[in-house]
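Chemist: Input: one structure, supplied below.
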């Protein structure tokens, strides 16, 4: 690694909202071993692994920068719902739902690992996340994406029924490799 500190990145964050569940969801793809498991009291090291493996190239750093106590408090809050996608026996992605009772549920994180992309499961997987979000009967479900995320993220969110409700400019401060490694290997 070069040792040069990564430059801050200016991004546009788009906030999206869904006010009613979709009329139908994409079917589960056939011919693959696909399992989606809800994780009860997810261990911090596993959550950090998922954030790192799914979000490394998209610069998901916020959760990695949290201390153990703050992260565990949020992850083990009532109603928090983390589910891990397995493809052919290996972890392949996850989503993380944060309830903001009583009004809405936030799809805080959603993504797949590189080996799962292009396999025809993304739309089904997002549908499973949205269906889980609606299971607590909120008035609306929210998600946000930014210009660093996968180029298909915003169109896919819109295709499944989310509508943009706002945008703002933010600065992302990428992690150096050593900082990321130290956080993930805790």
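Throughout, read-outs are computed from the coordinates displayed, never taken from laboratory work. Predicted model only: the values in this text are computed from it and were never measured. With ideal geometry, Cβ positions are generated from the backbone for all residues, glycine too; neighbour counts draw on all protein chains shown.
Chemist: Can you tell me the relative contact order of region 1-96? Whole percent, Cα pairs under 8 Å, sequence separation 6 or more.
Modeler: Reported as a whole number, the value is 33 percent.
Chemist: Under 17 Å from a point placed 7 Å out from the Cα of residue 9 along the Cα-to-Cβ direction: which residues of region 47-78 have their backbone N that close?
Modeler: Those under the cut-off are 51-65.
Chemist: With everything on Cα atoms, drop me the angle between helix 122-134 and the longest principal axis of the chain, reported from 0 to 90° to the nearest 10.
Modeler: 70
Chemist: Quick one: order 5, 40, 159 by neighbouring beta-carbon count within 10 Å, fewest to most.
Modeler: By the 10 Å Cβ count, ascending, the order reads 40, 5, 159.
Chemist: Please order 172, 184, 143 by the number of other Cβ within 10 Å, starting at the fewest.
Modeler: 184, 172, 143
Chemist: While we're here: For region 1-90, how big is Rg over Rh, using alpha carbon atoms and the Kirkwood form of Rh?
Modeler: 1.02
Chemist: Within region 107-145, find all residues whose amide N lies under 16 Å from a label point positioned 7 Å from the Cα of residue 158 along Cα-to-beta-carbon.
Modeler: Counting only backbone N, you get 143-145.
Chemist: Another question, then. What is the gain in length, in nm to one decimal, between residue 114 and residue 177 on full extension, counting 0.36 nm per residue of separation less the C-alpha to C-alpha distance?
Modeler: Working it through step by step, the gained length comes to 20.8 nm.
Chemist: Remind me, relative contact order of the chain in percent, using alpha carbon pairs under 8 angstrom and six or more residues apart?
Modeler: Reported relative contact order: 40 percent.
Chemist: Report the residue, chosen from 128, 153, 77, that carries the largest GNM mean-square fluctuation when the chain is represented by alpha-carbon nodes joined by springs under 10 Å.
Modeler: Comparing 128, 153, 77 in a Gaussian network model of the chain, the most mobile one is 77.
Chemist: Relative to the first principal axis of the alpha-carbon coordinates of the chain, what is the inclination of helix 44-55, with its axis defined by its Cα atoms, in degrees from 0 to 90 and to the nearest 10?
Modeler: Here the helix axis deviates by roughly 80 degrees.
Chemist: Here is a further query. Over the chain, with a Gaussian network built from C-alpha contacts below 10 Å, which listed residue (22, 99, 78) shows the highest mean-square fluctuation?
Modeler: 78
Chemist: Over region 9-184, how many percent of alpha carbon pairs lie in each 5 Å bin up to the one with the longest distance?
Modeler: 1, 8, 17, 21, 22, 19, 10, 3, 0, 0
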